[in-house]
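Here, each number is a calculation from the coordinates, and none is a lab measurement. It should be emphasised that the depicted structure is a prediction, and the values quoted were computed from it without experimental measurement. Because the Cβ atoms are built from the backbone with ideal geometry, glycine has one as well, and the counts that use them run over all protein chains shown.
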């Protein structure tokens, strides 16, 4: 079973469609509603408790569903990174985290399961290259997607890019197939 954690936009039609492309009828979680505008989504996310509350929601979903795979996007990736850094979720065999830029604020943590990270090449607030290098030095599969911006898999995001979406989807599917998931 797969648990998918959305970015701040929530369970948009595109996010639901993406989940269906991954098969296995994944369980979906999101931070605070569903939005079509980034500013509104982010403001609501912050007002509703921000990352600490989302980490709690991820932990609750990990306990409830006991997934084998956790997949997170943006703040969902960061919430997964923090939540999985304990050893209380033995069902999770691996995590796939895409453009979790705030992982940089928690890079001293390490998830208790094999973790694969795909960062956008271009982030507004930092250079993800050195972070990916540090994570690789700690034994994680951390990659940078060339010619991509934060949010490359979300059509509502200013960083959306259809070609990068396709590469990101293939990246996820490959990591599921290689492990016998689809």
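Odds and ends about this structure:
- Relative contact order computed over the chain (Cα-Cα under 8 Å; 6+ residues apart), in percent: 17 percent
- Distance (nanometres) between label positions extended 7 Å along Cα→Cβ at residue 174 and residue 138: 2.4 nm
- You can think of it this way: the chain between residue 87 and residue 110 has 7.3 nm of extra reach, that is 0.36 nm per residue less the Cα-Cα gap.
- When the P(r) is computed for segment 1-83, the part past 14 Å accounts for 57% of the Cα-Cα pairs.
- Ordering of 147-154, 72-79, 111-118 by burial proxy (mean other Cβ atoms within 10 Å per residue, highest first): 72-79, 147-154, 111-118
- Evaluating kT/(6 pi eta Rh) at 4 °C and 1.567 mPa s, with the Kirkwood radius of segment 2-177 over Cα pairs in the Stokes-Einstein relation, gives 82 µm² s⁻¹.
- Computed from the C-beta positions of residue 40 and residue 11 and an R0 of 25 Å, the FRET efficiency is 0.95 to the nearest 0.05.
- Rounded if a/c under 1.5, otherwise prolate or oblate - segment 128-182, Cα gyration tensor axes: oblate
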